[in-house]
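The values are calculated or read from the model by the stated rules, or taken from the named source; none is laboratory data. These figures come from a predicted structure and were not determined experimentally. No Cβ is skipped: glycine too gets one built from the backbone with ideal geometry, and neighbour counts run over all protein chains shown.
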């Protein structure tokens, strides 16, 4: 694997493992960035997503589980998924072939998890009719970190399409960074990690409403850092 895609994957893997690399000044800089709020949030979000998906796998043990993972990356949240009595089909979608190859190597083989990797753009999944014709209804839809990187207009369309692609009692999981809960100066000035849109909880909930999700179907939960 080569190129920017691989570097991005390895950077995230370093954040997940919370293990600084290198020596001297490089190691000190690694320790610093791994201790900052956004890096902590990335790790915390992974742990929370693992917990939610474990619960979903148990809840869907008597049904046909069909999951969609957009911008799937390494799929690390699926590694410790418990064995179930039924197959869990997970469609891992990413535009980066390196990410898909990395996930194929990382995920355990066999068992109830049946990953299917597709190199596609997540924006195409805003069309619910197309999704249902191609895949059938999804029981769970999520992404570990995509939604912060999409402008509000396009995100509203995608969230609406994903919501309409769910089966009855399906779940749409929408993680995001709350701009009121992290510091940005070091990421903006030193490493240029600033390509994401900064929103607070109220703004994100409003996107869900405008996407057509009923008020009584929207719930929020903080990760264990907060």
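Under 6 Å between Cβ atoms, at least 6 apart or on separate chains: pull out the pairs that start in region 167-191 with a residue that is on the phi < 0 side of the Ramachandran plot and loosely packed, with under 11 Cβ neighbours inside 10 Å and end on any residue that is at pLDDT below 95 and not in a loop (DSSP other than H, G, I, E, B).
Sorted first by the residue in region 167-191, then by its partner, the pairs are 183/37.
In region 119-135, which residues are in contact with a helix residue (DSSP H, G or I) (Cβ under 9 Å, 6 or more places away or on another chain) and surrounded by 12 or more Cβ atoms within 10 Å (Cβ to Cβ)? Explain how you work it out, then say what you get.
Of all residues in region 119-135, those in contact with a helix residue (DSSP H, G or I) (Cβ under 9 Å, 6 or more places away or on another chain) come to 119, 122-132.
Once the filter is applied, which keeps residues that are in contact with a helix residue (DSSP H, G or I) (Cβ under 9 Å, 6 or more places away or on another chain) and surrounded by 12 or more Cβ atoms within 10 Å (Cβ to Cβ), region 119-135 yields 119, 122, 123, 124, 125, 126, 127, 128, 130, 131, 132.
I need a count of the residues in region 114-127 that are over 28 Å from residue 83 (Cβ atoms) and assigned to a strand (DSSP E or B).
The total comes to 1.
Among what's in region 128-151 and is in a loop (DSSP other than H, G, I, E, B) and under 11 Å from the mean Cα position of the chain (by Cα), pick the residue that is farthest from residue 8 (Cα to Cα). Give the derivation first.
Residues of region 128-151 that are in a loop (DSSP other than H, G, I, E, B), as a first pass: 136-137, 143-146, 150-151.
Imposing the further condition that a residue be under 11 Å from the mean Cα position of the chain (by Cα) reduces the set to 143-146.
Working: 143: 16, 144: 14, 145: 13, 146: 14 Å.
Going through the qualifying residues, I end up with 143.
Return a yes/no flag: does region 208-224 have any residue that is touching a strand residue (DSSP E or B) at 6+ places or on another chain (Cβ under 8 Å), at pLDDT 95 or above, surrounded by 17 or more Cβ atoms within 10 Å (Cβ to Cβ) and over 21 Å from residue 94 (Cα atoms). Write out each step before concluding.
Residues of region 208-224 that are touching a strand residue (DSSP E or B) at 6+ places or on another chain (Cβ under 8 Å), as a first pass: 213.
Subsequent filtering for residues that are at pLDDT 95 or above retains 213.
The next check asks that each one be surrounded by 17 or more Cβ atoms within 10 Å (Cβ to Cβ); those that pass are 213.
Adding the requirement that they be over 21 Å from residue 94 (Cα atoms) leaves 213.
Taking every residue of region 208-224 in turn, at least one turns out to be touching a strand residue (DSSP E or B) at 6+ places or on another chain (Cβ under 8 Å), at pLDDT 95 or above, surrounded by 17 or more Cβ atoms within 10 Å (Cβ to Cβ) and over 21 Å from residue 94 (Cα atoms).
Could you tell me whether any residue of region 53-72 is touching a strand residue (DSSP E or B) at 6+ places or on another chain (Cβ under 8 Å), surrounded by 15 or more Cβ atoms within 10 Å (Cβ to Cβ), in a loop (DSSP other than H, G, I, E, B) and modelled with pLDDT of 90 or more? Quick ask: steps written out before the conclusion?
First pass over region 53-72, keeping only residues touching a strand residue (DSSP E or B) at 6+ places or on another chain (Cβ under 8 Å): 53, 56-57, 60, 63-72.
Filter once more, so that each one left must be surrounded by 15 or more Cβ atoms within 10 Å (Cβ to Cβ): 53, 56-57, 60, 65-72.
Of the ones still in play, those that are also in a loop (DSSP other than H, G, I, E, B) are 60, 71-72.
Subset that is modelled with pLDDT of 90 or more: 71-72.
Yes, there is a match, as at least one residue in region 53-72 is touching a strand residue (DSSP E or B) at 6+ places or on another chain (Cβ under 8 Å), surrounded by 15 or more Cβ atoms within 10 Å (Cβ to Cβ), in a loop (DSSP other than H, G, I, E, B) and modelled with pLDDT of 90 or more.
Condition test on residue 82, is it in contact with a strand residue (DSSP E or B) (Cβ under 6 Å, 6 or more places away or on another chain), more than 18 Å from residue 166 (Cα to Cα) and in contact (Cβ under 8 Å) with a residue 24 or more places away in the chain? Outline the logic, then answer.
Working: in contact with a strand residue (DSSP E or B) (Cβ under 6 Å, 6 or more places away or on another chain): no; more than 18 Å from residue 166 (Cα to Cα): yes; in contact (Cβ under 8 Å) with a residue 24 or more places away in the chain: yes.
Considered against the rule, which asks whether it is in contact with a strand residue (DSSP E or B) (Cβ under 6 Å, 6 or more places away or on another chain), more than 18 Å from residue 166 (Cα to Cα) and in contact (Cβ under 8 Å) with a residue 24 or more places away in the chain, residue 82 comes out as no.
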